[in-house]
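Down below is the structure, laid out as structure tokens.
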Amino acid sequence: MSKLRRRPTQIFVATLLAATLLAPATGQAAQAADNPYERGPAPTTASIEAAQGPFATAQVGVASSSVRGFGGGTIYYPTSTSEGTFGAVAISPGFTATQSSVAWLGPRLASQGFVIITIDTLSRYDSPASRGDQLLAALDYLTSTSSVRSRIDATRLGVMGHSMGGGGSLEAAKDRPALQAAIPLAGYNTTKNWSQVSVPTLVVGAESDTVAPVSSHSEPFYTSLPGTLDKAYLELNNASHSAPTSPNTTVAKYSISWLKRFIDDDTRYEQFICPGPGAGTTVEEYRSTCPF
């Protein structure tokens, strides 16, 4: 009988040990329950720098003749919906360019848990304002009539773009405050004041850009955004205007983190953008309104 009984001290130690072992699992479950939009495993530097994320992807072409308001494009999406629906992002190319110039971002971002559409514009010469309208038209198509609409949470949307497409992403953010994130990449726009924007915005500039110099484009864009806004400015070190048009680990890494943090409300990614990177081999400068 005495072998089956425990002294009070033994009972206390056993209880304390059980509580210690159970606490992390309980905390993780509570965190997951608090944010139903988390998709994929906890991120690491390696996972957000990888060319392929945790989700297998597929793609489908969108003919220009089948849509209105933009010039067609390509949709990239996670093949599994076992974790639920996904946020979606529309991406525009720049002046005279086609979707091929931003195509690398499609599978890269989709494999991290987003539905992505890279678009062709109605004309290669469309203005940033027109490209902003087309980005919104592409999002409307994605969420309403596209073949992947059932995979998308229409309340969690964002825009990106390169050059005039980047300027277009600012236009779209200004016109549709319900967006969750905007990322202009080496953006170009003759409008410099974006104080009306209320969408969390990551401005990416390139130090050696002679087409849209940061001093007259990306930096004024960033500084004109409200000081109360969740915003950041990332300047690529020794990079040209075309840097975001081919696979670029720095662009991908911080774009993924920004989209995850603000489209998915996933604070696990805040560690990469707050306080953000210091100046180094790939980054010339980073500033933000951290903490987000």
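The values are calculated or read from the model by the stated rules, or taken from the named source; none is laboratory data. Because the structure is predicted, anything quoted here is derived from the model rather than measured. In this analysis, Cβ positions are derived from the backbone assuming ideal geometry, glycine residues included, and neighbour counts consider all displayed protein chains.
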Fill in the blank from the handout: Flagged in region 72-86 as within 25 Å of Glu171 (Cα to Cα) and surrounded by fewer than 23 Cβ atoms within 10 Å (Cβ to Cβ), in numbering order, are Gly72, Thr74
Exercise for the section: Test each condition in (1) under 25 Å from Phe262 (Cα atoms); (2) over 18 Å from the mean Cα position of the chain (by Cα); (3) modelled with pLDDT of 95 or more for Ala33 and report the one that comes out false. Expected result: (3)
Problem - Lone unmet requirement of (1) over 24 Å from Ile91 (Cβ atoms); (2) not in a loop (DSSP other than H, G, I, E, B) for Thr281 - result: (2)
Problem - Pick from region 87-96, criterion assigned to a loop (DSSP other than H, G, I, E, B) and buried (at least 24 other Cβ atoms within 10 Å of the Cβ), ranking: farthest from the chain's Cα centre (by Cα) - result: Gly94
Completion exercise
When region 105-135 is checked residue by residue, the ones that are in contact (Cβ under 8 Å) with a residue 60 or more places away in the chain and over 14 Å from the mean Cα position of the chain (by Cα) are Pro128, Asp133, Gln134, Leu135
Practice task
Only residues in region 20-47 that are part of a loop (DSSP other than H, G, I, E, B) count as the first member; pair them with residues that are at pLDDT below 50, Cβ under 8 angstrom, at least 6 apart or cross-chain, and list the lot.
Solution key: Glu38/Ala32
Exercise for the section: Starting from region 210-230, take each residue that is free of Cβ contacts under 8 Å to residues at least 40 places away in the same chain and list its partners that are part of a loop (DSSP other than H, G, I, E, B) and among the charged types (D, E, K, R), counting only C-beta distances under 7 angstrom and pairs at least six apart or across chains. Expected result: Val214/Glu207; Pro220/Lys192; Ser224/Lys192
Exercise for the section: Please tell me if Leu157 is in contact (Cβ under 8 Å) with a residue 60 or more places away in the chain and crowded, with 19+ Cβ neighbours inside 10 Å. Expected result: yes
Completion exercise
Among (1) over 17 Å from Glu207 (Cβ atoms); (2) among the hydrophobic types (A, V, I, L, M, F, W, C); (3) more than 11 Å from the chain's Cα centre (by Cα), Ala243 falls short only on (1)
Exercise for the section: Would you mind finding the one in Gln99, Gln112 that is buried (at least 24 other Cβ atoms within 10 Å of the Cβ), modelled with pLDDT of 95 or more and either in contact with a strand residue (DSSP E or B) (Cβ under 9 Å, 6 or more places away or on another chain) or not hydrophobic (A, V, I, L, M, F, W, C) (or both)? Expected result: Gln112
Practice task
Could you pull out the residue among Ala243, Ala206, Ala239 that is small (Gly, Ala, Ser) and crowded, with 24+ Cβ neighbours inside 10 Å?
Solution key: Ala206
Handout entry: Among residues of region 257-277, those that are farther than 17 Å from Met160 by Cβ, in contact with a strand residue (DSSP E or B) (Cβ under 6 Å, 6 or more places away or on another chain) and either among the hydrophobic types (A, V, I, L, M, F, W, C) or surrounded by 17 or more Cβ atoms within 10 Å (Cβ to Cβ) (or both), counted
Key = 1
Practice task
Kindly indicate whether any position in region 51-63 is modelled with pLDDT of 95 or more, touching an Asp or Glu at 6+ places or on another chain (Cβ under 6 Å) and under 30 Å from Ser130 (Cβ atoms).
Solution key: no
Exercise for the section: Would you confirm whether any residue within region 247-254 is more than 14 Å from Gly187 (Cβ to Cβ), of a type in the set (Phe, Trp, Tyr), assigned to a helix (DSSP H, G or I) and out of contact with any strand residue (DSSP E or B) (no Cβ under 9 Å at 6 or more places or on another chain)? Expected result: no
